[in-house]
Amino acid sequence: MGKLNKLSGFPELLPSGRVIEQYILDAARQVFELHGYLSLETRAVEPIDHMQRSGEIDKEIYVLRRLHASAEEADPGLGLHFDLTVPFARYVLEHAAHLDFPLRRYQIQKVWRGERPQEGRFREFTQADIDVVGKGPLAFHHEIEMAVVMATLLASLPIPPAVIQVNNRKLAEGFYRGVGATDTQSVLRAIDKLDKIGADRVRRLLETETGLTPEAAAKCIKLASIRSLDASFVEQVRALGVTNELLDQGLSELAAVVTGANAERRGSVVADLRIARGLDYYTGTVYETQLVGFESIGSISSGGRYDNLASNDKQSYPGVGISLGVSRLVSILIGKNLVSVSRAVPSAVLVAVADEASRGASELVARQLRARGIPCEVAPSADKFGKQIQFADRRGIPYVWFPATTDPEGAAGDTVKDIRSGEQVEADVTRWQPPPDDLKPRVFSNVDTSTALRESL
RNA sequence: GUGCUCGUAGUUCAACGGUAGAGCGCAGCCUUGUGGUGGCUGAUGUUGCGGGUUCGAAUCCCGUCGGGCACCCCA
């Protein structure tokens, strides 16, 4: 057998890592459903030309073909989807007649991108998306809702505090027009590079490539430096002395998102006018999310409002959505050792086996525990009890159950041992219950998130 | 795709031209049916792969494959 290499960018978790991932997936599902989002899944494959239409041409798409496709067979032009928004837009158009609008759905699936992997960036990864899509109009208040739902989910996880940074495309575009820019996309793209290349080089880009006057470029950079936890950013923008109708609309929308979301989840959202986002189909609020203390890894959740998620001749479907980068978040938690798990296996109890002749008695104990919802397994072999306890210890199984011995000298009933404390007590298999904390693997934070949160504000 | 860097035991790493080693982990015993601590003993490698230089290569050179990071782009 040849040497098996792990594939770069296609992560596979160890059992304890998978416990963390599943914890997040369960939490996402629970929070999304609590907010009324229904679950959808789309196929993994989309026509390549359809995926390219809404993004740039150079998307890194994995192409799909049959191994036995003959040379003269037409290439169906299929690829693995690189996000969940484009397939969802296609799904909405295709099934519109059977859907009720506004439609709120969540979608948790793998996506694939051919980019070179690095820290927190993979070629195969899981996203958890929520979107609300309207038929014709879509009320603005859903743009507040996105931030609230995601903030609720993030707050429910044992992770460092997360801050959702929001901006508004109308605000930015109106401002750029107000200072005389014609190609607002290129201003946005330059501003997006502020973190990477710095203000001086962005200023030069704006003056040379976008053709802004030095004053206009300076104002655009000034705009990007504005940041506030409440609506006070509005005055700061006004102080720059730019007037434009679209700008006004953007200002009031962004103010509504920041005050509205923070009213529900204090400190969850900050207006940050530097947030640009490369994708050109956003038309209103845009979101990015940083984990406090781990900003360098990039956004763990982002999205925005798009007036034209999908459209056909008769109808257009505006939407707003936000996506949690599950794989990225999990990789940070594991890589930076931010969380621990109580055990990597589901079993709360290992039922010991005295000898192979009495395995049936042990199986019966296990059946009775399972009937009451207690995950358990029976020891694989009738080793010395020390070995069986060690078997449980290595897996983090907290309890070992010793069935009543048939040995007349033993004369004892069933006992259960908490192998962490060593305490062993008599127990009735029809009544014994582990503490709720021990029933399922637990995921807990290794860092004191409360102080970290205070420092960030 | 381009650039930089790194591939040694299950794992983390050492040895930097002269017989491949340590910690952790693993197995056994001390401990004859209740683990963890401690003590003793033991097993494990085509040094990623291929070629070259050399009396001699894990070490130097070339190629190749793979990993990591940066650019690009994004969760």
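Taken together, the values in this text are just the output of simple stated rules run on the coordinates, not laboratory data. These numbers were taken from a predicted model, which means no experiment stands behind them. Methodologically, a virtual Cβ is constructed for each residue, glycine included, from the backbone with ideal geometry; neighbour enumeration extends over all protein chains shown.
Table for the structure above
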{"quantity": "Positive-end residue, the range A:268-313 charge dipole about Cα centroid, Cβ charges, pick of A:GLN290, A:ALA310, A:ALA276", "calculated": "A:GLN290"}
{"quantity": "A:GLN165 long-range amide H proximity, modeled H, under 5 Å", "calculated": "A:VAL270, A:GLU288, A:THR289, A:GLN290"}
{"quantity": "Residues with amide H under 5 Å from that of A:ALA427, placed H, sequence gap 5 or more", "calculated": "A:ASP414, A:THR415, A:VAL416"}
{"quantity": "All aspartates and glutamates inside 14 Å of A:LYS387 as judged from Cα atoms, apart from same-chain residues fewer than 8 positions distant", "calculated": "A:ASP355"}
{"quantity": "Packing-based exposure ordering (other Cβ within 10 Å, fewest first) of A:VAL187, A:VAL447, A:VAL270", "calculated": "A:VAL447, A:VAL270, A:VAL187"}
{"quantity": "Range of Cα positions in the range A:249-333 per principal axis (Å), largest first", "calculated": "47, 29, 23"}
{"quantity": "Evaluated at q = 0.10, 0.12 Å⁻¹: base-10 log I(q)/I(0), Debye formula over Cα of chain A", "calculated": "-0.85, -1.08"}
{"quantity": "For the range A:115-154, alpha-carbon Rg and Dmax in angstrom", "calculated": "14.9, 41"}
{"quantity": "Least to most buried among A:ARG343, A:ARG431, A:ARG29 (fewest other Cβ within 10 Å first)", "calculated": "A:ARG431, A:ARG29, A:ARG343"}
{"quantity": "Least to most buried among A:VAL320, A:VAL202 (fewest other Cβ within 10 Å first)", "calculated": "A:VAL202, A:VAL320"}
{"quantity": "Note, ³J(HN,Hα) from phi for the range A:253-265, Karplus 6.51, -1.76, 1.60, rounded to Hz, x at Gly and Pro", "calculated": "5, 5, 4, 5, 5, 5, 6, x, 5, 5, 5, 8, 9"}
{"quantity": "Chain A: angle of helix A:199-208 to the longest principal axis, Cα-based, in degrees nearest 10", "calculated": "40 degrees"}
{"quantity": "Separation of alpha-carbon centers, the range A:64-95 and the range A:323-350, rounded to whole Å", "calculated": "33 Å"}
{"quantity": "From phi via Karplus (6.51, -1.76, 1.60), per-residue ³J(HN,Hα) for the range A:282-290 in Hz, x at Gly/Pro", "calculated": "6, 10, x, 4, 10, 10, 9, 9, 10"}
{"quantity": "Protection proxy ranking of A:131-137, A:322-328, A:344-350 - average other beta-carbon atoms within 10 Å, highest first", "calculated": "A:322-328, A:344-350, A:131-137"}
{"quantity": "Amide H partners (placed H, <5 Å) of A:LEU38, local residues excluded", "calculated": "A:ARG104, A:ARG105, A:TYR106"}
{"quantity": "Karplus (6.51, -1.76, 1.60) ³J(HN,Hα), θ = phi - 60°, over the range A:304-309, in Hz, Gly and Pro reported as x", "calculated": "x, 9, 9, 5, 10, 4"}
